[in-house]
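Here the structure is laid out as structure tokens; the discussion comes afterwards.
Values in this text are rule-based calculations from the coordinates and carry no lab data. Source: prediction; values computed, not measured. We place every Cβ from the backbone using ideal geometry, glycine too, and count neighbours over all the protein chains shown.
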Amino acid sequence: MAETLSPMNEDEQSIFSSLHCTLSPISKATGSATFTLNDSLCTCLLNGPSELRQQQDATNRLQVDVTFQARPGTSHTNSTATKDKLIEQWLETLVHSTVLAEKYPRSQINIVMYEEQNLSGEATILACLCNTLCLTMLDANLPMKYAFAAVPIVQHPTKGLLSLPKTKDELICTTYFVFVFEITSNEILAMHASGEFDMKLMEQAISIAKPAAGQIFQFYRQELEKRLS
């Protein structure tokens with residue numbers, strides 16, 4: 001991921017002001033990270049890869065277990081339990097899509113995601129979780145096909161499409177997108193959308209999200225370089 005960093009313009013500086021992370025906050029984990037995106041804060045810890053016990057699985061593959069824990073005080077209903085399970089499945093898919101699983105046959109990775117704070121909406125917290133996961137995988141030095149970065153986009157009733165929206169803007173929006181890009185060619189690795197939209201609006205959202213993803217990747221580089229310096 002090493003490359004020469006160019007000076008940031010005002011838009012790029014505003015993006016960077018909404019991002020913050022800490023690498024290896026949990027020393028006993030193989031890898032860990034906290035990541036803040038505007039008013040959402042997540043923590044992730046990863047342990048492994050470790051060898052599967054015989055009674056767990058007889059197949060010759062990498063097993064990924066993700067546990068998502070919502071912030072304290074969140075009411076637990078059937079609806080929220082279902083949503084939490086979908087989040088876990090989505091994050092597991094991201095790990096399987098990016099880690100070089102063939103290097104770890106009959107092994108397992110255990111990941112715990114914590115939603116520490118979420119004053120924003122669903123788009124921002126989902127993107128925050130994805131980016132925290134990627135930073136944790138990088139911190140654990142897992143061999144990966146590519147790093148990934150998630151960008152939330154909302155359709156504001158008067159301002160149009162907004163990337164990395166402020167909380168006050170996101171909370172009045174009913175349509176949003178979360179795009180996950182991979183670093184090698186900045187192509188979409190995964191996406192989630194909610195609300196009413198057509199293909200034209202989605203394509204516009206993608207064009208806005210791509211440069212934002214590039215800035216998040218630049219943020220990753222800077223944070224990793226700080227750790228190595």
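Would you kindly state the longest site-free stretch of the chain, with sites defined as GluC sites (Glu not before Pro) in a DSSP loop (not H, G, I, E, B) surrounded by at most 14 other Cβ atoms within 10 Å?
Result for the longest clean stretch: 4-186.
With a Förster radius of 25 Å applied to the C-beta separation of Lys83 and Phe197, the computed FRET efficiency comes to 0.75. Its Cα gyration tensor gives region 17-228 an equivalent ellipsoid; the semi-axes, largest first and in whole Å, are 28, 19, 17. Could you tell me the center-to-center distance, by alpha carbons, between region 83-120 and region 127-169 in angstrom? With region 83-120 and region 127-169 each reduced to a Cα centre, they are spaced 15 Å. The label-point distance for Lys145 and Lys210, in a model that sets each label 7 Å from Cα toward Cβ, rounds to 2.0 nm.
Of all the options Ile125, Ile153, Ile183, the one that moves most in a Gaussian network model of the chain with Cα springs shorter than 10 angstrom is Ile183.
Once the Cβ-Cβ distance of Ser229 and Leu119 is raised to the sixth power relative to R0 = 35 Å, the FRET efficiency obtained is 0.60.
Ordering Val112, Leu91, Ala29 by Cα displacement along the dipole of the chain toward the positive end leaves Ala29 in first place; charges were set at the Cβ atoms of Lys, Arg (+1) and Asp, Glu (-1). Ordering Thr132, Thr80, Thr22 by the number of other Cβ atoms within 10 Å of each residue's own Cβ, fewest first, gives Thr80, Thr22, Thr132.
Cβ-to-Cβ counts within 10 Å put Thr158, Thr34 in ascending order as Thr158, Thr34, the fewest first. Relative to the longest principal axis of the Cα atoms of the chain, helix 78-98 runs at roughly 70 degrees.
Over the chain, what is the relative contact order in whole percent, taking alpha-carbon pairs under 8 Å and six or more residues apart?
21
Taking Cα atoms only, the orientation of helix 122-139 departs from the longest principal axis of the chain by about 40 degrees.
Taking 30 Å as the straight-line reach from the Cα of Lys226, the lysines in range (excluding those fewer than 8 positions away in the same chain) are Lys28, Lys103, Lys145, Lys166, Lys210.
For the chain, modelled as a GNM whose springs connect Cα atoms under 10 angstrom apart, the maximal fluctuation among Ala101, Ala213, Ala81 occurs at Ala81. Taking the longest Cα principal axis of the chain as reference, the axis of helix 199-228 is set at about 60 degrees.
Shown for Ser18, Ser32: other C-beta atoms within 10 Å of each C-beta, ranked fewest to most, produce the order Ser18, Ser32. Could you tell me whether region 174-229 comes out rounded, prolate or oblate from its Cα gyration tensor? Rule is a ≥ b ≥ c as square roots of the eigenvalues, rounded for a/c under 1.5, then prolate if a/b exceeds b/c, otherwise oblate. Prolate is the answer for region 174-229, as a/c is 1.5 or above and a/b outweighs b/c.
Within the chain, what's the longest run with no trypsin sites (Lys or Arg not before Pro) in a DSSP loop and at most 13 other beta-carbon atoms within 10 Å? Give the range, please.
54-158
Which whole-number percent gives the relative contact order of region 90-154, counting Cα pairs below 8 Å spaced six or more residues apart? Dividing the mean separation by the residue count of region 90-154 yields 45 percent.
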